[in-house]
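Peer 1: Before I ask anything, let me first share the structure, which is written out below as C-alpha coordinates.
The values are calculated or read from the model by the stated rules, or taken from the named source; none is laboratory data. Bear in mind that the values here come from a model prediction, so they are computed numbers and not experimental data. In case anyone asks, the SASA skips ligands and DNA or RNA and just uses the protein heavy atoms, side chains included. Shrake-Rupley method; radii C 1.70, N 1.55, O 1.52, S 1.80 Å.
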Amino acid sequence: MNWRTGLLTLMACTAPMLSMGAAQSAEMSHKTEYSISLSGLPIARASFDTEFDADRYRISGSMNSAGLADIFAKTSGETSVSGVVGRDRLNASQYQANYQTGKKRRAISVRFRNGDVVSASMTPPRKIPKNWVPVTKADMRDVVDPLSGLIFPADTKVCPKSVPIFDGESRMDIRLSSKGTKPFKTEGFQGDVIVCGIKFMPKSGYRKGRDDVDYLRKLETMEIWFAKAEAVNVYAPVYVRIPTKLGPVTVWATRFGG
(Lines give C-alpha, C1' and ligand atoms only; values in the text may rest on other atoms or scores of the structure.)
Protein backbone atom coordinates (compact mmCIF):
# COMPACT_ATOMS: atom_id res chain seq x y z
CA MET A 1 0.00 0.00 0.00
CA ASN A 2 1.38 3.44 -0.90
CA TRP A 3 0.14 6.97 -0.23
CA ARG A 4 -1.96 6.84 -3.41
CA THR A 5 -3.80 3.80 -2.02
CA GLY A 6 -4.62 5.65 1.16
CA LEU A 7 -5.77 8.71 -0.76
CA LEU A 8 -7.88 6.70 -3.21
CA THR A 9 -9.46 4.87 -0.29
CA LEU A 10 -10.50 8.14 1.33
CA MET A 11 -11.72 9.39 -2.05
CA ALA A 12 -13.72 6.25 -2.54
CA CYS A 13 -15.28 6.62 0.85
CA THR A 14 -16.91 9.86 -0.28
CA ALA A 15 -18.75 8.08 -3.08
CA PRO A 16 -22.07 6.71 -1.82
CA MET A 17 -23.81 9.92 -0.79
CA LEU A 18 -27.63 9.97 -0.38
CA SER A 19 -28.04 6.24 -0.47
CA MET A 20 -29.73 4.48 2.42
CA GLY A 21 -33.47 4.90 2.79
CA ALA A 22 -33.96 5.33 -0.93
CA ALA A 23 -34.27 1.55 -1.01
CA GLN A 24 -37.86 1.93 0.13
CA SER A 25 -38.70 2.82 -3.48
CA ALA A 26 -37.78 0.50 -6.33
CA GLU A 27 -35.28 1.51 -8.99
CA MET A 28 -34.12 4.72 -7.34
CA SER A 29 -30.92 6.30 -8.68
CA HIS A 30 -28.61 9.13 -7.71
CA LYS A 31 -25.51 10.75 -9.25
CA THR A 32 -22.64 12.42 -7.38
CA GLU A 33 -19.63 14.36 -8.66
CA TYR A 34 -16.31 15.29 -7.06
CA SER A 35 -13.35 17.54 -7.65
CA ILE A 36 -9.92 16.55 -6.28
CA SER A 37 -7.17 19.16 -6.01
CA LEU A 38 -3.61 19.58 -4.72
CA SER A 39 -2.83 22.99 -3.24
CA GLY A 40 -5.84 24.35 -5.10
CA LEU A 41 -4.82 22.92 -8.47
CA PRO A 42 -7.11 20.25 -10.01
CA ILE A 43 -5.59 16.76 -10.19
CA ALA A 44 -8.64 14.49 -10.66
CA ARG A 45 -12.39 14.25 -11.19
CA ALA A 46 -14.75 11.52 -10.04
CA SER A 47 -18.35 10.58 -10.73
CA PHE A 48 -20.56 7.95 -9.04
CA ASP A 49 -24.00 6.50 -9.72
CA THR A 50 -26.06 4.83 -6.99
CA GLU A 51 -29.02 2.60 -7.85
CA PHE A 52 -31.55 0.83 -5.61
CA ASP A 53 -34.09 -1.86 -6.37
CA ALA A 54 -36.09 -2.84 -3.26
CA ASP A 55 -33.48 -3.75 -0.62
CA ARG A 56 -30.61 -4.19 -3.11
CA TYR A 57 -28.10 -1.50 -4.01
CA ARG A 58 -25.32 -0.94 -6.51
CA ILE A 59 -22.74 1.84 -6.63
CA SER A 60 -20.54 2.34 -9.68
CA GLY A 61 -18.02 5.07 -10.31
CA SER A 62 -15.09 6.33 -12.31
CA MET A 63 -12.09 8.53 -11.56
CA ASN A 64 -9.73 10.26 -14.00
CA SER A 65 -6.65 12.34 -13.32
CA ALA A 66 -6.60 15.88 -14.64
CA GLY A 67 -4.38 18.92 -14.89
CA LEU A 68 -0.86 18.60 -13.48
CA ALA A 69 -1.37 14.96 -12.50
CA ASP A 70 -1.57 13.94 -16.17
CA ILE A 71 1.92 15.32 -16.77
CA PHE A 72 3.51 12.80 -14.38
CA ALA A 73 1.31 9.72 -14.91
CA LYS A 74 -2.20 9.60 -16.28
CA THR A 75 -4.43 7.70 -13.84
CA SER A 76 -7.92 6.32 -14.35
CA GLY A 77 -10.09 3.84 -12.53
CA GLU A 78 -13.50 2.22 -12.35
CA THR A 79 -15.08 0.68 -9.28
CA SER A 80 -18.37 -0.88 -8.24
CA VAL A 81 -20.02 -2.52 -5.25
CA SER A 82 -23.35 -4.29 -4.80
CA GLY A 83 -25.12 -5.68 -1.78
CA VAL A 84 -28.08 -5.43 0.59
CA VAL A 85 -29.28 -2.44 2.61
CA GLY A 86 -29.08 -3.34 6.31
CA ARG A 87 -30.44 -1.61 9.40
CA ASP A 88 -27.30 0.33 10.26
CA ARG A 89 -25.09 0.10 7.16
CA LEU A 90 -24.82 -1.08 3.57
CA ASN A 91 -23.73 -4.74 3.53
CA ALA A 92 -21.61 -5.42 0.46
CA SER A 93 -21.63 -8.76 -1.30
CA GLN A 94 -19.33 -7.94 -4.24
CA TYR A 95 -16.69 -5.20 -4.62
CA GLN A 96 -14.53 -4.60 -7.70
CA ALA A 97 -11.92 -2.03 -8.70
CA ASN A 98 -9.89 -1.61 -11.89
CA TYR A 99 -7.31 1.12 -12.24
CA GLN A 100 -4.41 2.14 -14.44
CA THR A 101 -1.46 4.46 -13.77
CA GLY A 102 0.63 5.01 -16.87
CA LYS A 103 1.05 1.54 -18.39
CA LYS A 104 0.44 -0.31 -15.13
CA ARG A 105 -2.97 -1.94 -14.71
CA ARG A 106 -4.52 -3.75 -11.76
CA ALA A 107 -7.88 -5.40 -11.06
CA ILE A 108 -9.24 -6.23 -7.60
CA SER A 109 -12.28 -8.35 -6.71
CA VAL A 110 -13.67 -9.06 -3.23
CA ARG A 111 -16.69 -11.09 -2.13
CA PHE A 112 -18.29 -10.52 1.28
CA ARG A 113 -20.80 -12.44 3.38
CA ASN A 114 -22.31 -10.81 6.50
CA GLY A 115 -19.37 -8.43 6.79
CA ASP A 116 -16.67 -11.10 6.41
CA VAL A 117 -14.42 -11.49 3.37
CA VAL A 118 -15.14 -14.75 1.55
CA SER A 119 -12.56 -14.30 -1.23
CA ALA A 120 -10.20 -11.64 -2.56
CA SER A 121 -8.11 -11.58 -5.72
CA MET A 122 -5.71 -9.20 -7.47
CA THR A 123 -4.62 -9.32 -11.13
CA PRO A 124 -1.73 -9.20 -11.75
CA PRO A 125 -0.73 -10.44 -8.30
CA ARG A 126 1.66 -8.24 -6.35
CA LYS A 127 5.21 -9.44 -5.72
CA ILE A 128 5.36 -9.78 -1.94
CA PRO A 129 8.51 -8.19 -0.43
CA LYS A 130 10.19 -9.41 2.76
CA ASN A 131 8.88 -6.46 4.80
CA TRP A 132 5.23 -7.11 3.83
CA VAL A 133 2.69 -7.19 6.67
CA PRO A 134 0.35 -10.06 5.65
CA VAL A 135 -3.43 -9.85 5.93
CA THR A 136 -4.72 -12.53 8.33
CA LYS A 137 -8.11 -14.23 8.43
CA ALA A 138 -8.95 -12.22 11.56
CA ASP A 139 -8.23 -8.99 9.64
CA MET A 140 -10.97 -9.86 7.14
CA ARG A 141 -13.78 -10.34 9.65
CA ASP A 142 -16.43 -7.66 10.28
CA VAL A 143 -15.11 -5.22 7.67
CA VAL A 144 -16.60 -2.86 5.10
CA ASP A 145 -15.58 -2.03 1.54
CA PRO A 146 -14.23 1.43 0.61
CA LEU A 147 -17.40 2.49 -1.23
CA SER A 148 -20.04 1.52 1.36
CA GLY A 149 -18.02 2.22 4.48
CA LEU A 150 -18.86 5.81 5.43
CA ILE A 151 -22.64 6.09 5.34
CA PHE A 152 -24.19 6.64 8.78
CA PRO A 153 -27.88 6.66 9.75
CA ALA A 154 -28.95 10.02 11.16
CA ASP A 155 -29.84 8.56 14.58
CA THR A 156 -26.30 7.26 15.24
CA LYS A 157 -23.10 9.12 16.09
CA VAL A 158 -21.01 10.03 13.10
CA CYS A 159 -17.87 10.63 15.15
CA PRO A 160 -16.26 9.31 17.26
CA LYS A 161 -16.29 6.06 15.33
CA SER A 162 -13.81 3.55 13.94
CA VAL A 163 -14.42 2.19 10.43
CA PRO A 164 -12.69 -1.13 9.53
CA ILE A 165 -11.94 -1.11 5.79
CA PHE A 166 -10.62 -3.86 3.51
CA ASP A 167 -9.99 -2.72 -0.08
CA GLY A 168 -8.93 -6.05 -1.58
CA GLU A 169 -5.29 -5.72 -0.60
CA SER A 170 -4.94 -3.65 2.56
CA ARG A 171 -6.72 -3.67 5.90
CA MET A 172 -6.95 -0.31 7.68
CA ASP A 173 -8.98 1.48 10.31
CA ILE A 174 -10.29 4.99 9.71
CA ARG A 175 -10.76 6.47 13.18
CA LEU A 176 -13.03 9.51 13.38
CA SER A 177 -12.98 12.10 16.18
CA SER A 178 -15.40 14.97 16.72
CA LYS A 179 -14.28 18.50 15.72
CA GLY A 180 -17.59 20.36 15.80
CA THR A 181 -19.54 21.77 12.86
CA LYS A 182 -18.95 24.14 9.93
CA PRO A 183 -21.10 25.74 7.21
CA PHE A 184 -20.94 24.11 3.78
CA LYS A 185 -22.53 24.90 0.43
CA THR A 186 -22.57 23.05 -2.87
CA GLU A 187 -25.07 22.17 -5.58
CA GLY A 188 -28.02 20.54 -3.82
CA PHE A 189 -26.99 21.38 -0.24
CA GLN A 190 -26.51 24.36 2.05
CA GLY A 191 -26.19 24.11 5.82
CA ASP A 192 -24.01 22.95 8.71
CA VAL A 193 -21.94 19.80 8.40
CA ILE A 194 -20.31 17.57 11.03
CA VAL A 195 -16.51 17.82 11.03
CA CYS A 196 -14.47 14.77 12.02
CA GLY A 197 -10.74 14.38 12.42
CA ILE A 198 -9.24 11.32 10.73
CA LYS A 199 -6.57 8.94 11.97
CA PHE A 200 -5.29 6.53 9.34
CA MET A 201 -4.34 3.24 11.02
CA PRO A 202 -2.86 0.61 8.68
CA LYS A 203 -3.17 -2.92 10.05
CA SER A 204 -1.95 -5.22 7.27
CA GLY A 205 -1.43 -5.49 3.54
CA TYR A 206 1.41 -2.96 3.28
CA ARG A 207 5.19 -2.74 3.37
CA LYS A 208 6.44 -2.13 6.88
CA GLY A 209 8.77 0.84 7.23
CA ARG A 210 7.58 2.75 4.15
CA ASP A 211 7.90 6.52 4.59
CA ASP A 212 4.57 7.28 2.89
CA VAL A 213 2.61 4.88 5.12
CA ASP A 214 4.33 6.21 8.25
CA TYR A 215 3.58 9.77 7.12
CA LEU A 216 -0.14 9.05 6.81
CA ARG A 217 -0.15 7.18 10.12
CA LYS A 218 1.36 10.14 11.97
CA LEU A 219 -0.90 12.82 10.48
CA GLU A 220 -3.11 14.56 13.05
CA THR A 221 -4.73 17.19 10.80
CA MET A 222 -6.74 15.17 8.26
CA GLU A 223 -10.45 16.00 8.19
CA ILE A 224 -13.67 14.64 6.73
CA TRP A 225 -17.01 16.51 6.72
CA PHE A 226 -20.44 14.87 6.76
CA ALA A 227 -23.66 16.48 5.56
CA LYS A 228 -27.15 15.24 6.40
CA ALA A 229 -29.20 14.09 3.45
CA GLU A 230 -32.68 14.98 4.71
CA ALA A 231 -34.57 12.99 2.09
CA VAL A 232 -32.99 9.69 3.15
CA ASN A 233 -32.06 10.59 6.77
CA VAL A 234 -28.35 9.70 6.66
CA TYR A 235 -25.01 11.46 7.02
CA ALA A 236 -22.55 11.18 4.13
CA PRO A 237 -19.15 12.78 3.32
CA VAL A 238 -18.91 15.99 1.32
CA TYR A 239 -15.29 17.01 1.94
CA VAL A 240 -11.93 15.39 2.75
CA ARG A 241 -8.65 17.18 3.45
CA ILE A 242 -5.30 15.34 3.52
CA PRO A 243 -2.11 17.35 4.15
CA THR A 244 0.89 16.15 2.12
CA LYS A 245 4.48 17.30 1.75
CA LEU A 246 3.47 18.94 -1.55
CA GLY A 247 0.43 20.72 -0.09
CA PRO A 248 -3.10 19.76 0.96
CA VAL A 249 -5.11 17.31 -1.14
CA THR A 250 -8.83 18.08 -1.00
CA VAL A 251 -11.81 16.04 -2.19
CA TRP A 252 -14.84 18.31 -2.64
CA ALA A 253 -18.39 17.24 -3.47
CA THR A 254 -19.45 19.53 -6.28
CA ARG A 255 -22.90 17.96 -6.23
CA PHE A 256 -24.87 16.60 -3.25
CA GLY A 257 -28.46 15.80 -4.10
CA GLY A 258 -30.44 18.17 -6.20
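Peer 1: Kirkwood hydrodynamic radius (Cα pairs, Å) of the stretch 185-242?
Peer 2: Averaging 1/r across every pair of different Cα atoms and inverting gives 13.5 Å.
Peer 1: Further question on the same structure: How many angstrom lie between the C-alpha centres of the stretch 123-141 and the stretch 93-114?
Peer 2: Centre-to-centre (Cα) distance: 15 Å.
Peer 1: If you don't mind, there's one more thing I want to ask. With every protein chain present, what accessible area does R241 have (1.4 Å probe, heavy atoms only), rounded to the nearest 10 Å²?
Peer 2: 80 Å²
Peer 1: Averaged over every viewing direction, what's the projected area of the C-alpha convex hull for the stretch 130-258? Give it in nm², one decimal, please.
Peer 2: Average of the hull's projected areas for the stretch 130-258 equals 8.8 nm².
Peer 1: Once the mean 1/r over all distinct Cα pairs of the stretch 101-152 is inverted, what Kirkwood radius in angstroms do you read off?
Peer 2: 13.2 Å
Peer 1: Here's another thing I want to ask about it. In the stretch 91-206, if every C-alpha pair distance is counted and binned at 10 Å from zero, what percent goes to each bin?
Peer 2: 12, 35, 31, 18, 4
Peer 1: Which entries in the list K104/K203; K182/K208; K157/K203; K103/K199 go over 30 Å, if you measure between the two C-alpha atoms of each?
Peer 2: With Cα atoms farther than 30 Å apart: K182/K208; K103/K199.
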